[in-house]
Amino acid sequence: MTDIVVPVLGESVSEAIVANWKVGAGDAVKKDQLLVELETDKVSLEVSAPADGVISKIAAEEGEEVEIGALLAVLEEGASAGSSTAAPAKAKAAPKAAAPAADADKIIDIAIPQMGESVGEGVIASWMVGVGEAVKKDAPLVEVETDKVAIEVPSPVDGVMVEHLVAEGDTVAVGSVIARVSQGGAATASAPAAAAAPAP
């Protein structure tokens with residue numbers, strides 16, 4: 001430890017005022033680096049670090065009157081910032097948990113439309129939109145095949161695909177709900193839920 005003290009200020013000058021600290025407790029400093037400015041009635045002078053190290057204590061605050069030889073600060077030679085005995089800064093308060101989003105999004109059921117005369121069911125051929133993906137109104141969501149036709153079921157609204165209720169390869173009846181879209185929802189980064197295996 002090295003004491004940083006008020007040096008001789010000049011003839012007939014016995015005290016000074018701490019004008020401006022250039023470093024703080026816990027700061028690393030280099031030899032000859034400016035630490036503090038002192039002012040007297042006659043002169044203004046700068047006090048520098050006598051060696052490399054860390055300021056472990058500030059003993060005289062700005063505006064304080066100090067005499068020649070009075071302790072200004074304590075230097076821990078050879079230390080690095082973070083290893084000083086200075087009290088650590090108070091930990092920042094943990095951010096408040098984000099309030100849950102208002103459940104304002106409307107959930108829209110996506111059902112199998114009428115696919116033609118005498119066609120009562122179809123097979124889910126291919127999902128074009130995964131769970132969590134954004135969709136646009138009239139954009140195709142899924143392809144459904146029957147013995148006679150293959151159709152694409154479009155989204156009725158802008159939103160986000162929130163759930164697949166059937167898997168590719170499943171047979172579904174006309175009017176069956178096969179998915180749900182959150183109207184106006186935002187896309188998420190979550191991976192699509194694993195599709196349930198078709199019933200034997």
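Placing pseudo-labels 7 Å out from each Cα toward the beta carbon at Glu152 and Val174 gives an inter-label distance of 2.2 nm. If the Kirkwood radius is taken over C-alpha pairs of the stretch 2-77, then at 4 °C and 1.567 mPa s the Stokes-Einstein diffusion coefficient equals 106 µm²/s. Residues in the stretch 135-142 carry Karplus couplings, in order, of 10, 10, 4, 6, 6, x, 9, 8 Hz; the curve used is 6.51 cos²θ - 1.76 cosθ + 1.60 with θ = phi - 60°, and Gly or Pro positions show x.
Distance between the pseudo-spin-label points of Asp52 and Asp105 (7 Å out from Cα toward the beta carbon): 5.6 nm.
Projected onto their three principal axes, the Cα atoms of the stretch 106-183 cover extents of 33, 20, 16 Å, largest first.
Based on C-alpha pairs under 8 angstrom that are at least 6 apart in sequence, the stretch 2-77 has a relative contact order of 42 percent.
Extension gain, Ala19-Ala167: 0.36 nm per intervening residue step, less the Cα-Cα distance, totals 45.7 nm.
Counting only aspartates and glutamates at least 8 places from Lys137 when in the same chain, those with an alpha carbon closer than 18 Å to its own are Asp105, Asp109, Glu152, Asp158, Glu163.
Across the stretch 66-72, computed HN-Hα scalar couplings (Karplus, 6.51 cos²θ - 1.76 cosθ + 1.60, θ = phi - 60°) run 10, 9, 4, x, 5, 6, 9 Hz from first to last residue, x flagging Gly and Pro.
Coordinate-derived values only; no laboratory data. On a predicted model such as this, the values are computed, not experimentally measured, just so you know. Positions of Cβ are generated from backbone atoms using ideal geometry, with glycine treated the same way; all protein chains shown enter the neighbour counts.
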